[in-house]
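Below is one structure; the comments refer to it alone.
Every number here is computed from the coordinates shown, using simple stated rules; none is lab data. This one's a predicted model, so the numbers in the text were calculated from it and none came from an experiment. Note that each Cβ is placed from the backbone with ideal geometry, even for glycine, and that neighbours are counted across all protein chains shown.
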Amino acid sequence: MTRVLLVGLLAFAACARKKGDGPREGGTHAVSRGRLPITLGEKGTLKTKNATKLSAEAYAKIEWIIEEGTTVRKDDVLVKLDKQEIDKQREQLENQVTQLEAELKSATTNELIQRQQNQTNVEKAELAVEVAKVELKKFLEADDPAERRKLALAVESAETEVTRSEERLKANEELRKEDFVTENDVREARIQLKKARNDLETAKMELKSHEEYKRPLELRKKEAAVVEADRGLEQAKQAAEAQLADKAAQVRQRETSLSSTRFQLEKTKEILSKMEIRAPTDGTVIYGDQDQPWNRENIKVGQQVWQSMVLITLPDPSEMAVTIQIHEADVDKLKVGMKAFVTSETQKDRTFDGEIVKIDSVANAGQNWWGGDDVKRFKVEISLKGRDLNLKTGTSARAEIQVGEVNDCLAVPLQAVREKEGKRYCVRRNGSGTEEVEVTVGATNDTKIEIKSGLSEGDHVLLH
């Protein structure tokens, strides 16, 4: 038994229990047998299934806004936002672009200069390597062999001179015996021999010094010069690579900054062009977003709005829907595809066919976000069938959803059943009088209730 039945019966019983009150006759109803549809009814809000939402493109104040409810044509101006701050941003970004273009040009020139300087430094280092290698080769193949031959020749010449001096001294000593030469000639020959021997010793020492000291030392110097030149070439290449990479990084940094700033400038210009919001299609103006009605109060002249905030909705009235909040105890009774009947507060004389198209899987904490009841409710969307229904978005509507039915049962109007001391009763006509009959009730909808026992088909009961 649904909450609707309990509320109705309790209210009726309360009235019936007032002192001095008895059941007041409101006509009679014949108990009949047939099909009893079981429905679940809730109030909700009409909305369009499809709507064009127009948002602010920047954080700005509303300078002017069209009156809500106005019917507009495509390209009509709907909102004008204050663009003073955005225009300042545009000017600043244009100045930044000019500065970054100059910095990029300078960085590109520096990179070119560094590339040329690197080429010069590397070529100079390569020449130093080539010179060091040639000097080493010249030493090994020319200078050192020539020096060695020179020193060896000096030793050979000195040896020859010693031999000649010895022969000369010996000849003079023989001649002196014959008194052909003087004693001075003999002494002079001895002095020449001694000098020749000293010269030989000196020549040998110079040759030995060259072989053991001068040549190895000079060879090491030449080889070290080659190694140093090779190392200098490698250092020149590494320095060139590092310096060029630094200059190239500066160019890339300027390019990235310039590209980013240009993008921001174009974006700002685009936003600036959208500070005047126009209607993309015909429609009737509704402030804010149908799904976020709490922002409507912020949509007025002088109010600060934020980027992406929906300012105006242009609904498409050709496809309508109603959203209702279903109690957590009843949500399992519903399924997508179930039929519903909708009545609008503005057109109470019409009933619109509908169908459940969406049931939220997550409940909200009651209908009041600011501290109401703690009952969980699920949002259910019902699509209305037909086009051009002439319904207004945002108005109230009531949806009756058929969740089941009881076939071949006895049923009476809700007004025929009253409660007393925890039991249910009907007042049945009996000839010219009436009698109170206890009944057992079953399923119910918003207008009728099933009678399981206590009455028979054809009985007439009073309506209260």
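Net charge of the neighbourhood of ASN445, taken over other residues with C-beta under 12 Å away and scored Lys/Arg +1, Asp/Glu -1, is -2.
Between the Cα long axis of helix 84-138 and the first principal axis of the chain there is an angle of about 30°, rounded to the nearest 10.
Count Lys and Arg as plus one, Asp and Glu as minus one, and take only other residues whose Cβ is under 11 Å from that of GLU345; the net charge is then +4. Computed 3J(HN,Hα) for the stretch 318-325, one whole-Hz value per residue from the Karplus formula 6.51 cos²θ - 1.76 cosθ + 1.60 where θ = phi - 60°, is 6, 10, 10, 8, 10, 10, 10, 10, glycine and proline marked x.
Here the residues LEU81, LEU219, ranked from fewest to most Cβ neighbours within 10 Å of their Cβ, fall in the order LEU219, LEU81. HN-Hα J couplings of the stretch 295-303 from phi, Karplus 6.51/-1.76/1.60, θ = phi - 60°, integer Hz, Gly and Pro as x? Coupling constants for the stretch 295-303: 8, 4, 5, 8, 9, 7, 4, x, 7 Hz. Taking amide hydrogens as placed 1.01 Å from N in the peptide plane, the amide H of VAL406 sits under 5 Å from those of LEU36, ILE38, each at least 5 positions away in sequence or on another chain. Computed from backbone phi, the HN-Hα couplings of the stretch 239-250 come to 5, 4, 5, 5, 5, 5, 4, 5, 5, 5, 5, 5 Hz, rounded to whole numbers (Karplus: 6.51 cos²θ - 1.76 cosθ + 1.60, θ = phi - 60°; Gly and Pro given as x).
For Kirkwood radius over Cα pairs in Å, the value computed from the atomic coordinates appears in the list (i) 26.0; (ii) 24.6; (iii) 34.8 under label (iii). Picking from THR434, LEU391, HIS464, whose Cα lies most toward the positive end of the charge dipole for the stretch 390-464 (charges on Cβ: Lys, Arg +1; Asp, Glu -1)? Working it through, the farthest residue towards the positive pole turns out to be LEU391.
Extension gain, ALA142 to GLU206: 0.36 nm times the residue separation minus the Cα-Cα distance gives 21.2 nm. Here the residues SER106, SER165, ranked from fewest to most Cβ neighbours within 10 Å of their Cβ, fall in the order SER106, SER165.
Protection proxy ranking, highest mean first, for peptides 411-420, 239-248: 411-420, 239-248, where packing is the per-residue count of other beta-carbon atoms within 10 Å, averaged.
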